[in-house]
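To start, the structure under review is shown below, and the notes come after it.
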Amino acid sequence: NGLETTELLLRKNKAQQVSENIENLQTSARESMQQLRDSIWALTKEEMTVGLLFDRYKLWMQKMFESSSSHLHFTESLDPDVPIDSIKALNLFRILQEASHNILKHAQAKDIWINISLQQNLQIEITDNGKGFKSVRDESYGLNNMKQRAATIGAKVLIKSTIGKGTSVLLNTPIG
């Protein structure tokens, strides 16, 4: 659709709009390629560990937030060598990406805390001190996608938000 729209704009000599469409298409293509790379990375690992998963997530977060004014705070309490199924790892990664993308896009947070622990279950909590929101909207594609991915891998997602204080996403899943 984007290419067809760009072609129509080009025929109408709308150079500025053509340029904007091309930039948007390039951004979309880059994002799609990165998502494909992440999927291939997770699915082709013979042995996936929670350490590999969270190292990849930390790198992704640092890249995503490098041009923002938000400060990232990571704490971990886990054995990084604990194995994790690659399908579960990929779904966890996608849930974490969605939660983090929502912070970047909507929260206007100064600080973001990511706490990862592993006792009987793997628990990941992402908390921000952003603007928060009134309620979790059922029609929100991203939040529903997070919940569906969680259900697929036997995980639970709890989202709490308070206006003016921020949002917390708690993810809890068995590892085995």
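The values are calculated or read from the model by the stated rules, or taken from the named source; none is laboratory data. Remember, predicted model here, so these are calculated numbers, not experimental data. In this analysis, Cβ positions are derived from the backbone assuming ideal geometry, glycine residues included, and neighbour counts consider all displayed protein chains. Accessible surface is based on the protein model in full, side chains and every heavy atom, while ligands, DNA and RNA are left aside. Shrake-Rupley method; radii C 1.70, N 1.55, O 1.52, S 1.80 Å.
With the stretch 76-176 as the region, which strands (runs of 3 or more DSSP E) entirely inside it contain at least 2 residues that are at pLDDT 95 or above and touching an Asp or Glu at 6+ places or on another chain (Cβ under 8 Å)?
Correct list: 111-118, 166-174.
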Members of the stretch 151-170 that are of a type in the set (Ser, Thr, Tyr), open to solvent by 50 Å² or more (accessible area, probe 1.4 Å) and over 17 Å from Asp85 (Cα atoms): Thr162
Could you tell me which of the residues Ser86, Ser135, Ser140 is of a type in the set (Gly, Ala, Ser) and in contact with a helix residue (DSSP H, G or I) (Cβ under 7 Å, 6 or more places away or on another chain)? Ser86
Asp128 is checked against (1) farther than 23 Å from Arg37 by Cα; (2) among the acidic types (Asp, Glu); (3) in contact with a helix residue (DSSP H, G or I) (Cβ under 8 Å, 6 or more places away or on another chain); (4) open to solvent by 20 Å² or more (accessible area, probe 1.4 Å) and fails just one. What number does that condition carry? (4)
